[in-house]
Amino acid sequence: MSPLPRRTLAALLAAPALARAQAGWPDRPLRLVIPWPPGGTNDLIGRLVTEAMAPRLGQPIVIENRGGAGGLLGAEQVAKAAPDGHTLLLGGSGSLTITTLIHPKPPFDAATAFAPIGLMGQGPNVTVVHPSLPVSDLAGLQRLARSAKPPLAYASPGVGSTGHAAGAMLCQALGVEMEHIPYRGTGPALNDMLAGRVQVFTNALAPMQAHVEGGALRAIALAGRRRSAAMPALPTTGEQGFPQIEAATWFGLLATAGTPPERVQRLFAALDAVLAEPEVRRRLLDGGVEVEPSESPAAFARFVAEDRARWEPVVRRAGMREG
């Protein structure tokens, strides 16, 4: 019998030591920082997923809601925590991408401050119009916006929000000017959309779906690469000839940069197993999130970098930077 290759032999000898190290970790409760107030979509998703992960890790996961500054305050806590894998972040397109792009001096470098673990899923954004607008697709909106006097107005949940950036992306792709009307959250923006005070809104599908199905709003495009199971008849932006309009609110799990790779891998394995559970998938879909697990932590890291690269020129061209 031929001898084992040196690399294979080294791996076999190291495996028992690695298993022993993993068996002792985590040795105390973990903490998940959700950088938004309780009660929203981020809170729902973070609690649902980590509640299911805890038994697989053998330790409870304590939720800490730390809202403020568009998600920067909570993310900063994790960026500056001990890199031992006990402090986790529910990251997303708002707190890790848009907010850090518009802030003149974010308190951490989003590209290096975290150890990405895995993507949970994405909430597809949908563009809706008030039914008083005689448009049913993006081409119709483009024609109307080019001739509208005064300009059409688009709503967002606030300056620097994903909805703000998505609205700017829509205007840039269609080559039109629309007035941005920021609100203090999705609820107030939705109320004015329903009242007809603003005409266009690009935001997460979940809070708008019932209004679309009831006829109070008209959905004209899904800003994603494929159709949504929650609204399968709605064409995507790509199907309508505008593939550059791609906006989804994503949710993922991260640890502090420098966390040992074997701990990141164990957290990834627990997350991956949970996202395969039918009940978890069903509840996430009910919350407006389509499950999209990463193939690996490295794949999630690439996803985060690509998301930032896609939004950076949109934010720059729209002049969204603060200060």
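Length gain on complete extension for the stretch GLU177 to ASP192, per 0.36 nm per residue less the alpha carbon to alpha carbon distance?
Between GLU177 and ASP192, full extension yields 3.4 nm more.
So for the range 124-222, averaging the separation of alpha carbon pairs under 8 Å that are six or more residues apart and normalising by length, what relative contact order in percent results?
Once normalised by length, the contact order is 47 percent.
Multiplying the sequence separation of ALA273 and LYS80 by 0.36 nm and subtracting their Cα-Cα distance, what value in nm do you get?
66.7 nm
Give me the Kirkwood hydrodynamic radius of the chain, using the inverse of the mean 1/r over all pairs of distinct Cα atoms, in Å to one decimal.
Computed over the chain, the radius equals 20.8 Å.
Run the simple label-point estimate for ALA305 and ALA210 please: 7 Å along Cα→C-beta, distance reported in nm.
Output for this residue pair reads 4.2 nm.
Using Cα pairs closer than 8 Å and at least 6 residues apart in sequence, work out the relative contact order for the chain, in percent.
It rounds to 26 percent for the chain.
Please report the orientation-averaged projected area of the range 103-212, defined via the convex hull of its C-alpha atoms, in nm².
The directionally averaged projection comes out at 8.6 nm².
If I model a spin label at ALA233 and LEU285 as a point 7 Å from the Cα along the Cα→Cβ vector, what separation in nanometres do I get?
Calculated label separation equals 1.9 nm.
Taking Rh as the Kirkwood radius, which is the inverse of the mean 1/r over Cα pairs, what is the Rg/Rh value for the range 154-230?
Rg/Rh for the range 154-230 comes to 0.94.
When all C-alpha to C-alpha distances in the range 74-133 are sorted into bins of 5 Å, what percent of pairs does each bin hold, rounded to whole numbers?
Bin by bin from 0 Å, the calculated values are 3, 14, 23, 20, 13, 9, 6, 4, 4, 2, 1.
Every number here is computed from the coordinates shown, using simple stated rules; none is lab data. Please read all numbers here as calculations on a predicted model, not as lab measurements. We place every Cβ from the backbone using ideal geometry, glycine too, and count neighbours over all the protein chains shown.
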